[in-house]
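Trainee: Handing you this structure, nothing more for now.
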Amino acid sequence: MSGDSTGSDTDFVHRIARLEADLEAAHRRIAELERVVERGYGMVDAIPAMVYFKDREHRYQYGNRAFTERIRVSAEEMAGKTDYDLFPPEVAAAYLADDERVMATGEPSLGIELPVSRPDGTIGWVSNSAVPYRDRSGAVVGMVGIAIDITRRKQIEEALRRNQEVQRALLDTIPAMVYLKDRQHRYLLGNRVFADAAGISVDEVEGKTDHDLFLPEEAEAYIADDEQVMATGEPHLGIEEKITEANGRVTWLMVYKAPFHDEQGRVTGMVGIAFDVTARKEMEEALRRSQAEQQALIEQQAQLLATIRQLSTPVLPVAQDALVLPLIGDIDTARSQQIVETLLNSVQRYRAKWAIIDITGVPLVDTAVANHLIQATQGVALLGARTILVGVSPELAQTIVGLGVDLKGLISQSDLRSAIAFVLKRSQQRSFV
């Protein structure tokens, strides 16, 4: 029995030793797993984004350092809390709604923008992605989320939005069409004046072409000119273009166009500003019509004056070789010159031998007029004809004498009948000879 007892004790000692060895190995394995978990948590804590884990009842089970620092709650205090325990009600409601959808549907939620409480008490924004967490059976038992702070980006976007609103307000207050095109002649923007002319809203301008907005022939003209600006890189300043607006109104524009360059200096589009000069064009057209009407009136007046001149100095052939120039009314210097010119031209035209000037109807003949009459008789003589002066008053005779001119060849008759009879008699005598 003693031998048997000794063997049993030895087996027991060996079993104890193996158990101790297994226990030591288990401790080493646990320590290794703890180190792995610790390293895993360390790596998660090193992530600058907020990482967290929730169970199916929306209780937080884990949050990395970025998460706990953001909510200013330690990992121990956070465990078991819900969003309503950690965040303002309106923020908590947004989180719960998105997380419940993930766990209820088993579908991930990626890049959802949600509000978040910031350490300074203000509300920021995160881009949150959440995926369902499943047990070995595939049942959803929670969710894992990662949230990236996008507050700065949102602030920049908001500042950009406000800046764009200010720019839009400035563009819309300019009383002219302002627009920007890309290199393919697509509109990138247009202010309210431009959009109204095209019959669309400001938001509808982007992506449109001239063929989408205007008449075909006008669109072709715009594209050709704009292409020249972008192809040459040279602006076109103060050119006039016609545009038919969406309401059918035809408008004239004074347009200024300049190429738009990128940072490398390449032409990537063009900017244009067009002022409505329709009123000015209408004034110019009205002025042109007025000038044309005035010119027509001047020509009519000239024709009327020519007619009046002809009527004021009528030359009447009374015989084959005799002319009568009956004068009525006052005679000034200008009319005297006209009388001399008309008389000489008529003598030459009709090849007259006699020129009868009847001044019976002239109330007053001054020295200047008398001198012109004498010059007329001298001119008639140079053309081979003779002058008969009818209706000479004593005052005129005295004035002519006072001029001291040679009166040889000047014939005077008391009235027109006598002068015509005189000319006819002389013509008969010449025909008998």
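Trainee: So in the stretch 42-75, with the set limited to residues that are outside any strand (DSSP E or B) and hydroxyl-bearing (Ser, Thr, Tyr), which one is least open to solvent (accessible area, probe 1.4 Å)?
Mentor: Among those residues, the one meeting the criterion is THR68.
Trainee: For ILE200, only one of the following conditions fails: (1) aliphatic (A, V, I, L, M); (2) in contact (Cβ under 8 Å) with a residue 12 or more places away in the chain; (3) crowded, with 18+ Cβ neighbours inside 10 Å. What is its number?
Mentor: For ILE200, the exception is condition (3).
Trainee: Still on this structure, please answer the following. Of these, ALA279, ALA274, ALA292, ALA296, which one is modelled with pLDDT of 80 or more, open to solvent by less than 50 Å² (accessible area, probe 1.4 Å), in a helix (DSSP H, G or I) and out of contact with any helix residue (DSSP H, G or I) (no Cβ under 7 Å at 6 or more places or on another chain)?
Mentor: Details: ALA279 fails: open to solvent by less than 50 Å² (accessible area, probe 1.4 Å); ALA274 fails: in a helix (DSSP H, G or I); ALA292 fails: open to solvent by less than 50 Å² (accessible area, probe 1.4 Å).
Residue meeting the stated conditions: ALA296.
Trainee: What are the residues in the stretch 76-97 that are in contact with a Ser or Thr (Cβ under 9 Å, 6 or more places away or on another chain), surrounded by fewer than 16 Cβ atoms within 10 Å (Cβ to Cβ) and either of a type in the set (A, V, I, L, M) or in contact (Cβ under 8 Å) with a residue 24 or more places away in the chain (or both), if any?
Mentor: Across the stretch 76-97, the qualifying residue is only PRO88.
Trainee: Name the residues in the stretch 143-161 that are of a type outside the set (Ser, Thr, Tyr), touching a Phe, Trp or Tyr at 6+ places or on another chain (Cβ under 9 Å), open to solvent by less than 80 Å² (accessible area, probe 1.4 Å) and more than 19 Å from ASP55 (Cα to Cα), would you?
Mentor: Listed by number, the residues that qualify are ASP149, ILE150, LYS154.
Trainee: Pull up the stretch 216-235, narrow it to residues that are touching a helix residue (DSSP H, G or I) at 6+ places or on another chain (Cβ under 9 Å), of a type outside the set (Ser, Thr, Tyr) and open to solvent by less than 30 Å² (accessible area, probe 1.4 Å), then point me to the one that is farthest from HIS261 (Cα to Cα).
Mentor: Only one residue fits best here, namely GLU218.
Trainee: While we're on this one: Whether any residue in the stretch 223-232 is part of a helix (DSSP H, G or I), touching a Lys or Arg at 6+ places or on another chain (Cβ under 8 Å) and hydrophobic (A, V, I, L, M, F, W, C) is what I want to check.
Mentor: For the stretch 223-232, residues part of a helix (DSSP H, G or I), touching a Lys or Arg at 6+ places or on another chain (Cβ under 8 Å) and hydrophobic (A, V, I, L, M, F, W, C): present.
Trainee: Can you tell me which residue is nearest to ALA258 (Cα to Cα) among those in the stretch 203-215 that are surrounded by 15 or more Cβ atoms within 10 Å (Cβ to Cβ) and hydrophobic (A, V, I, L, M, F, W, C)?
Mentor: Checked the stretch 203-215; the qualifying residue nearest to ALA258 (Cα to Cα) is VAL205.
Trainee: Consider the stretch 181-190. How many of its residues are buried (at least 17 other Cβ atoms within 10 Å of the Cβ) and either part of a loop (DSSP other than H, G, I, E, B) or β-branched (Val, Ile, Thr) (or both)?
Mentor: 1
Trainee: Any residue in the stretch 399-419 that's more than 14 Å from TRP354 (Cα to Cα): show its pairings with residues that are modelled with pLDDT of 70 or more at Cβ separation under 6 Å, as long as the two are six or more apart or on different chains.
Mentor: Partner pairs satisfying both residue conditions: THR399/THR367; THR399/ALA370; ILE400/ALA370; VAL405/ILE374.
Trainee: Quick test of your reading of the structure: LYS242 fulfils all but one of (1) touching a His at 6+ places or on another chain (Cβ under 7 Å); (2) part of a strand (DSSP E or B). Name the failing condition by number.
Mentor: Unmet condition: (1).
Trainee: Among the candidates ALA147, ALA219, single out the residue that is assigned to a strand (DSSP E or B) and over 13 Å from the mean Cα position of the chain (by Cα).
Mentor: Values: ALA219 fails: assigned to a strand (DSSP E or B).
Of ALA147, ALA219, the one residue that is assigned to a strand (DSSP E or B) and over 13 Å from the mean Cα position of the chain (by Cα) is ALA147.
Trainee: Separate question: VAL193 passes all but one of (1) open to solvent by 60 Å² or more (accessible area, probe 1.4 Å); (2) in a helix (DSSP H, G or I); which number fails?
Mentor: (1)
Trainee: Follow-up. Scan VAL140, VAL166, VAL178, VAL126 and give me the residue that is farther than 30 Å from ALA66 by Cβ, touching a residue at least 60 places away in the same chain (Cβ under 8 Å) and either of a type in the set (Val, Ile, Thr) or open to solvent by 70 Å² or more (accessible area, probe 1.4 Å) (or both).
Mentor: Answer to the check: VAL178.
Trainee: Let me ask something else. Just one of (1) over 55 Å from the mean Cα position of the chain (by Cα); (2) within 16 Å of MET50 (Cα to Cα); (3) of a type in the set (A, V, I, L, M) trips up MET103, so point out which.
Mentor: Result: MET103 fails condition (2) only.
Trainee: Can you spot a residue in the stretch 21-32 that is open to solvent by less than 70 Å² (accessible area, probe 1.4 Å) and at pLDDT 90 or above?
Mentor: no
Trainee: Determine, yes or no, whether GLU107 is open to solvent by 70 Å² or more (accessible area, probe 1.4 Å), modelled with pLDDT of 90 or more and over 19 Å from ASP45 (Cβ atoms).
Mentor: Spelling it out, GLU107 is indeed open to solvent by 70 Å² or more (accessible area, probe 1.4 Å), modelled with pLDDT of 90 or more and over 19 Å from ASP45 (Cβ atoms).
Trainee: Which count do you get for residues in the stretch 335-359 that are hydroxyl-bearing (Ser, Thr, Tyr) and in contact with a helix residue (DSSP H, G or I) (Cβ under 7 Å, 6 or more places away or on another chain)?
Mentor: 1
The values are calculated or read from the model by the stated rules, or taken from the named source; none is laboratory data. These numbers come from a predicted model, not from an experiment. Every residue, glycine as well, gets a Cβ built from its backbone with ideal geometry; the counts of neighbours run over all protein chains shown. With ligands, DNA and RNA removed, areas are computed over all heavy atoms of the protein, side chains included. Shrake-Rupley method; radii C 1.70, N 1.55, O 1.52, S 1.80 Å.
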